[in-house]
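To start, the structure under review is shown below, and the notes come after it.
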């Protein structure tokens, strides 16, 4: 049986999840710095620079699922 490793916790989980917020902020900063580099170095247009978020499929996240390795 497949199960998702998630339980609602508004205490310590919130504090531990702050790393994800910092990572997301870093990703945004890198994207913001990469767009001008693309325009200047590749002679591209700012509208041509796109970033796509690809979420990990649920079967890969589940315990007993396919796994990522």
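The values are calculated or read from the model by the stated rules, or taken from the named source; none is laboratory data. Predicted model only: the values in this text are computed from it and were never measured. Here the Cβ positions follow ideal geometry from the backbone for every residue, glycine too, while neighbour counts run over all protein chains shown.
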Item to complete: Can you give me the number of residues within the range 39-59 that are at pLDDT 85 or above, part of a helix (DSSP H, G or I) and touching a helix residue (DSSP H, G or I) at 6+ places or on another chain (Cβ under 9 Å)?
Response: 1
Worksheet, complete the sentence: If we keep only residues of the range 1-35 that are modelled with pLDDT under 80 and surrounded by 10 or more Cβ atoms within 10 Å (Cβ to Cβ), then the residue nearest to residue 49 (Cα to Cα) is 17
